[in-house]
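Encoded as structure tokens, the structure appears first; notes follow it.
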Amino acid sequence: MTISNNNNSFPLEGEPKGAHILITAGPTYEKIDPVRFIGNYSSGKMGIALAEECLNRRMQVELVLGPVTIQSPIFTHPSLHLTNVESAQQMYEACMDIYPRMNAAILCAAVADFTPETVAPNKIKRKGDELIIRLKPTKDIAAALGKIKTDNQLLVGFALETNDEETNAQDKMKRKNFDFIVLNSLNDQGAGFRHDTNKITIISQTSKTEYPLKEKKACAVDIIDELEKLLTKC
Ligand code: C5P
């Protein structure tokens, strides 16, 4: 596993004793051969904004981050512990290890649903008319954390839908045992991958709140407000 960290043990002594939050962010890369991978357009911006908002509220953050190009000063913040991962499997292992000692997890990463069955040991050469790569499903991190979640823990997921948005999001929330789900639609201008803005709807078992298009940092405030409300009840 390609893990790097900022050498801070966790939790930190003498630091404010806020809630401990696991955040996943960014894409995953699934290797095809030594030079190629299957990835997606996730920039990690939304997850990093969430981590920053948690730090502003004196929470302790475990950030599990897929391969992203952006750098942020929060990566070296004393109340943040960074785990860099590449594949869905690595993200799964990191999350399963970290979640049991957390108060909540926010799963913002765009995790690959499928990964090549085998990784070619050498660069695949051009040959013949087609190349067939067999894929196998990755582990569903959200569903796995939903299964081990205790009564004192919260789990928050994201959904990026192209159609039947609300129904799919509701269904996902129940299947994965989320306390609430943040829906962002690809149909909304300026929302989703790579943008600095997002348009979210927060759906819980009992409520639905639609927010206007905002900076991702402002969306993070709305999401962490909702999380803090539930944390006080845990
Ligand atoms: O089913 P779908 O991939 O759309 O679900 C999205 C939610 O599930 C997000 O919160 C995402 O981070 C999480 N997820 C996950 N592990 C996967 C796939 C999705 O944690 N393998």
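The values are calculated or read from the model by the stated rules, or taken from the named source; none is laboratory data. Quick caveat, the model's predicted, so the values are computed rather than measured. Cβ placement follows ideal geometry from the backbone for every residue including glycine, while neighbour counts extend to all protein chains displayed. Only protein heavy atoms, including side chains, enter the accessible area calculation; ligands, DNA and RNA are left aside. Shrake-Rupley method; radii C 1.70, N 1.55, O 1.52, S 1.80 Å.
So if I check each of 170, 205, which one is over 17 Å from residue 51 (Cα atoms), modelled with pLDDT of 90 or more and not aromatic (Phe, Trp, Tyr)? Even if it seems obvious, please write down each step before you answer.
Working: 205 fails: modelled with pLDDT of 90 or more.
Going through 170, 205 in turn, just one is over 17 Å from residue 51 (Cα atoms), modelled with pLDDT of 90 or more and not aromatic (Phe, Trp, Tyr): 170.
Starting from the range 155-170, take each residue that is among the polar types (S, T, N, Q) and list its partners that are part of a strand (DSSP E or B) and open to solvent by less than 50 Å² (accessible area, probe 1.4 Å), counting only C-beta distances under 8 angstrom and pairs at least six apart or across chains.
162/185; 168/159; 168/161; 170/181; 170/203
So which of 162, 138, 118 is away from the ligand (no atom under 12 Å from the Cβ) and among the hydroxyl-bearing types (Ser, Thr, Tyr)?
Working: 162 fails: away from the ligand (no atom under 12 Å from the Cβ); 138 fails: away from the ligand (no atom under 12 Å from the Cβ).
Result of the check over 162, 138, 118: 118.
For the range 54-76, which positions are surrounded by 24 or more Cβ atoms within 10 Å (Cβ to Cβ) and of a type in the set (D, E, K, R)?
Answer for the range 54-76, where residues must be surrounded by 24 or more Cβ atoms within 10 Å (Cβ to Cβ) and of a type in the set (D, E, K, R): just 62.
Determine which single condition residue 133 fails, assuming it passes every other condition in (1) among the hydrophobic types (A, V, I, L, M, F, W, C); (2) open to solvent by 60 Å² or more (accessible area, probe 1.4 Å); (3) part of a helix (DSSP H, G or I).
(3)
Any idea which residue in the range 84-96 is farthest from the ligand (Cβ to nearest atom), counting only those that are more than 23 Å from residue 150 (Cβ to Cβ) and either assigned to a loop (DSSP other than H, G, I, E, B) or not small (Gly, Ala, Ser) (or both)?
So in the range 84-96, the residues more than 23 Å from residue 150 (Cβ to Cβ) come out as 84-90.
Adding the requirement that they be either assigned to a loop (DSSP other than H, G, I, E, B) or not small (Gly, Ala, Ser) (or both) leaves 84-87, 89-90.
Values: 84: 17, 85: 12, 86: 14, 87: 11, 89: 10, 90: 12 Å.
Looking at residues that are more than 23 Å from residue 150 (Cβ to Cβ) and either assigned to a loop (DSSP other than H, G, I, E, B) or not small (Gly, Ala, Ser) (or both), I get 84.
Collect the residues in the range 37-62 that are among the polar types (S, T, N, Q) and not in a helix (DSSP H, G or I), keeping them in residue-number order.
40, 42, 43, 60
Conditions: (1) among the aromatic types (Phe, Trp, Tyr); (2) more than 12 Å from the ligand (Cβ to nearest atom); (3) within 23 Å of residue 227 (Cα to Cα). Residue 99 meets all but one. Number of the miss?
It is condition (2) that residue 99 fails.
Take the range 192-220 and flag every residue that is among the hydrophobic types (A, V, I, L, M, F, W, C), in contact (Cβ under 8 Å) with a residue 24 or more places away in the chain and open to solvent by less than 50 Å² (accessible area, probe 1.4 Å). Lay out the reasoning, then the answer.
In the first step, residues of the range 192-220 are kept if they are among the hydrophobic types (A, V, I, L, M, F, W, C); the result is 193, 200, 202-203, 213, 218-220.
Imposing the further condition that a residue be in contact (Cβ under 8 Å) with a residue 24 or more places away in the chain reduces the set to 193, 202-203, 213, 219-220.
Scanning the range 192-220 gives 202, 203, 219, 220.
Return yes when residue 106 is within 16 Å of residue 145 (Cβ to Cβ) and crowded, with 22+ Cβ neighbours inside 10 Å and no when it is not.
Details: within 16 Å of residue 145 (Cβ to Cβ): yes; crowded, with 22+ Cβ neighbours inside 10 Å: yes.
It is true that residue 106 is within 16 Å of residue 145 (Cβ to Cβ) and crowded, with 22+ Cβ neighbours inside 10 Å.
Restricting the search to the range 144-191, which residues are surrounded by fewer than 21 Cβ atoms within 10 Å (Cβ to Cβ) and within 18 Å of residue 46 (Cα to Cα)?
160, 161, 185, 186, 187, 188, 189, 190, 191
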